[in-house]
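Q: Before I ask anything, here is the structure I am working with.
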Amino acid sequence: MRKLALSVSLGKVSGGFVAALYTAFGVTDLWLSLAAFRLGVSEGNPFLAFMGQHGLFVPAKLVLTAITAALIGFLYRRARAQLICWGALLVMVMVDVYHVVSLSARL
């Protein structure tokens, strides 16, 4: 019964809203990453670190965020994908929290 209540609650939120939240947290991650780079912190994502070595960190981060947000917006209508979409959002929130905590410790 509890699983059904969670499913019904999540079903009331639109995929566009979840995608917009993901985009907001993704852009925040970009901004916090750039602040961390100025303090000498390196990128933890190997793909984005590689792109950063070639001066493509910002475009790559924006494209990956946009693709993920578009997938969330598209797939969210499927009930089976909703928890995965929320999981992706939760991961992005945790990345932002990690940035804030680690930047606070460095300042």
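Q: Can you name the residue in segment 15-29 that is surrounded by 16 or more Cβ atoms within 10 Å (Cβ to Cβ) and more than 8 Å from the chain's Cα centre (by Cα) and, of all such residues, is farthest from residue 78 (Cα to Cα)?
A: Of the residues in segment 15-29, the ones surrounded by 16 or more Cβ atoms within 10 Å (Cβ to Cβ) are 15, 18-19, 21-23, 25-26, 28-29.
Then keep just the ones that are more than 8 Å from the chain's Cα centre (by Cα); that gives 15, 18-19, 21, 28.
On the way: 15: 10, 18: 13, 19: 14, 21: 18, 28: 27 Å.
Only one residue fits best here, namely 28.
Q: Of (1) surrounded by fewer than 17 Cβ atoms within 10 Å (Cβ to Cβ); (2) modelled with pLDDT of 95 or more; (3) among the basic types (Lys, Arg), residue 12 satisfies all except one. Which?
A: Status for residue 12: all satisfied but (2).
The rows are residues; the columns are (1) loosely packed, with under 12 Cβ neighbours inside 10 Å; (2) among the aliphatic types (A, V, I, L, M); (3) in contact with a helix residue (DSSP H, G or I) (Cβ under 6 Å, 6 or more places away or on another chain); (4) at positive phi.
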residue: 50; (1), (2), (3), (4): no, no, no, no
residue: 62; (1), (2), (3), (4): no, yes, no, no
residue: 70; (1), (2), (3), (4): no, yes, no, no
residue: 78; (1), (2), (3), (4): yes, no, no, no
residue: 85; (1), (2), (3), (4): no, no, yes, no
residue: 96; (1), (2), (3), (4): no, no, yes, no
residue: 102; (1), (2), (3), (4): no, no, no, no
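Q: Please go through segment 36-48 and pick out each residue that is buried (at least 16 other Cβ atoms within 10 Å of the Cβ) and in a helix (DSSP H, G or I).
A: If the condition is that a residue be buried (at least 16 other Cβ atoms within 10 Å of the Cβ) and in a helix (DSSP H, G or I), then 36, 48 are the ones that fit.
The values are calculated or read from the model by the stated rules, or taken from the named source; none is laboratory data. Note that the structure is predicted; figures quoted are calculated from it, not measured. Here the Cβ is made from the backbone with ideal geometry for all residues, glycine too, and neighbour counts use every protein chain on show.
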